[in-house]
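Let me begin by presenting the structure, written as structure tokens, before commenting on it.
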Amino acid sequence: MSDVTDAARWLGPSADPAARRGTWLACLIALTALFVLGNIANYARLDLNYGWDLHVNCAAVDAHAKGLDPYFVRNLKVTTLSYPYLPVTLDVFRPLCTGGFLAGHYMGVYLVLAVLCGLLLPGLRRTRTRARDVALQVLCALGAFVGFEWVHVSGNFAILSGVLTTIALMLLLRAPAGGAPENPSFALRLAGAALLGLVTSFKLVFFPVLVALYFLPLPRRRKLMLTAVAAFSFVLPILISRMLYPDLFASWLLAIAGRIPNQHAVNLVEVNPSLLLLAQSLMDHAGIEGRPAVLATYALAALALVLVPFALSVLRVAADRPVREGGSRLLQLDRWLMDHPRAAMRITVLAMFALYLSSPRLKEYAFFELALYAAILVVDLPARALAAVLTVGLLIPALISLAGTAFEGTFILLIVALMCFWILLQDFRAEPKRLEMEGAQP
């Protein structure tokens, strides 16, 4: 049963079983929202030392303004954490730290920005956006995987990458409009690809997300052009940092490589709920030592749990084309994506979700951006799948957080995100063309 039919029955007077199921789903959404907002309010009222990531970033900006090397922790005030971003970001972030407004009011500012992300996220099903869809997207942005909770508490600048990612997705996932010329739309997609590339340069490990641009419903030449633009935008801040900030760039390399003694170093396998750290934990438990074994186990886990199931699902859809059209599997996929633009955009976002989830360093705050990809995908789910995602991805993590259980040092968020990915993937496998059928309805 389509989500359109379910939604129409939520508010209808009918007393049939479908209407009762719609009422139950509406109650679940309301209950989920209650616990998500309650969890955010609970952390806001606690007297804890919040905003440590924000203090690190602004301390680095201040040190750079004073002519000090911000990659040496001894030059930073009131922190023992190191600054992880490229040297060019020191001047980019300076307006945010000037005057101390953000440091003093960041929790309110971050909440507004997270809501703004939910409001601006694109929809895939139709050009007219429903209030219910927007409400679900805002709810996911605030509560999915408790990613925003970690950004809110730590003051991490992932909120900025989230806003930029949202804008990039708005430009990239443009629904075809009847009678509109193609070139302006492609120019906007080029801008979106460039912006997405810049965003991934903030956290280098998420660069593979750019590969998902290949699934957009465009001719292959244009998709490769988008990927090339995104890759150039990813490399550009690195080149600028190396040419304009040579001394700081050398210090940045030392800092991220852990070669500055007696200070915190960014490490791929430091505490974080990623598949890489899960692989290391399994190897330690089995008594197997050595980085090659850890990396091989990590690669096997990422392929078996996420990437291969996704690839097989997409290729199976492309193989359903009539045999007489012939061509390679890749050519069949290109044709299918062009013929089903809304489904292709859903595949694109699902690919971004999968690649992001497979990252070797998936810190708790990074789940905020993962939640933004999920927010695009959940609004067009049928009732049962939507209920499952809300329960697994939002309600259960909020309840765990309210109960005071620590997420850090566990794989709870990773397990939750994997379960949501499989729910989304199974829905796509069951009805890959549902978006096209719903989009054709008046």
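The values are calculated or read from the model by the stated rules, or taken from the named source; none is laboratory data. Quick caveat: nothing in here was measured; it's all calculated off a predicted structure. Counting neighbours? That spans all protein chains shown, and the Cβs are built from the backbone with ideal geometry, glycine included. Surface areas here come from the heavy atoms of the whole protein model, side chains and all, with no ligands, DNA or RNA. Shrake-Rupley method; radii C 1.70, N 1.55, O 1.52, S 1.80 Å.
What is the distance, in nm, between label points placed 7 Å from the Cα along the Cα-to-Cβ direction at Leu402 and at Met243?
Here the modelled spin labels are 5.4 nm apart.
Would you mind checking Lys203/Lys223; Lys66/Lys363; Lys223/Lys433 for any pair whose Cα atoms are more than 25 angstrom apart?
Working: Lys203/Lys223 23 Å; Lys66/Lys363 31 Å; Lys223/Lys433 21 Å.
Violating the 25 Å limit, Cα to Cα: Lys66/Lys363.
Averaged per residue, what accessible area in Å² does the chain show with a 1.4 Å probe, protein chains only?
44 Å²
In square nanometres, what is the average projected area of the Cα convex hull of the range 241-400?
Values: hull surface 60.7 nm².
Over all viewing directions, the range 241-400 projects a mean Cα-hull area of 15.2 nm².
At a Förster radius of 45 Å, what calculated FRET efficiency corresponds to the Cβ-Cβ distance of Leu236 and Ala44, to the nearest 0.05?
Between Leu236 and Ala44 the formula returns 0.75.
Highest first, please rank the peptides 346-357, 389-400 by the mean number of other Cβ atoms sitting within 10 Å of their residues.
The most tightly packed comes first, giving 346-357, 389-400.
Based only on the alpha carbon positions, what is the Kirkwood hydrodynamic radius of the range 353-402, in angstrom?
So the Kirkwood estimate lands at 11.9 Å.
Could you give the length gained on full extension between Ala319 and Ala65, defined as 0.36 nm per residue of separation minus the Cα-Cα distance, in nm?
85.7 nm
How do Trp336, Trp24 stack up against each other in accessible area, from largest to smallest, with a 1.4 angstrom probe?
The ranking, largest first, comes out as Trp24, Trp336.
Please give the Cα centre distance for the range 184-198 versus the range 133-157, rounded to the nearest Å.
25 Å
Over its Cα atoms, what ratio of radius of gyration to 2.2 N^0.38 Å does the range 164-321 give?
Normalised Rg, Cα atoms only: 1.32.
Within the accessible area of the range 227-307, what % is carbon and sulfur when the probe is 1.4 Å and the other protein chains stay in place? Walk me through the numbers on the way to the answer.
Numbers: 3140 of 4600 Å².
C and S atoms contribute 68 percent here.
At 222 nm, what helix-only mean residue ellipticity would the chain give, in deg cm²/dmol to the nearest 500, using -39500 (n - 2.57) for each DSSP H run of four or more? Don't skip to the end; give the middle numbers.
On the way: 22 runs with 287 residues, N = 442.
When only DSSP H runs of four or more count, the value is -20500 deg cm²/dmol.
With a 1.4 Å probe and all protein chains kept in place, how do His105, His55, His152, His64 rank by accessible area, largest first?
His105, His55, His64, His152
Summarise the long-distance tail of P(r) for the chain by giving the % of C-alpha pairs beyond 41 Å. Kindly include the intermediate steps, with their values, before the conclusion.
Numbers: 16807 of 97461 pairs.
Pairs farther apart than 41 Å: 17 percent.
Given the options Leu198, Leu333, Leu275, which has the most mean-square fluctuation in a GNM of the chain, springs set between C-alpha atoms less than 10 angstrom apart?
Leu333
Using a 7 Å offset from the Cα along the Cα-to-Cβ direction at both Ala103 and Ala131, what is the distance between the two label points in nm, to one decimal?
4.2 nm
If we restrict to alpha carbons, what Rg and Dmax does the range 99-168 come to, in Å?
Reported Rg and Dmax, both Å: 13.0, 43.
Working with all protein chains in place, sort Met345, Met225 by solvent-accessible area computed with a 1.4 Å probe, largest first.
Values: Met345 0, Met225 70 Å².
Correct descending sequence by accessible area is Met225, Met345.
Between rounded, prolate and oblate, where does the range 346-433 land on the alpha carbon gyration tensor, with a ≥ b ≥ c its root eigenvalues, rounded for a/c under 1.5, else prolate if a/b exceeds b/c? Intermediate values should be presented prior to the final figure.
Working: a/c = 2.36, a/b = 1.42, b/c = 1.66.
The shape class here is oblate.
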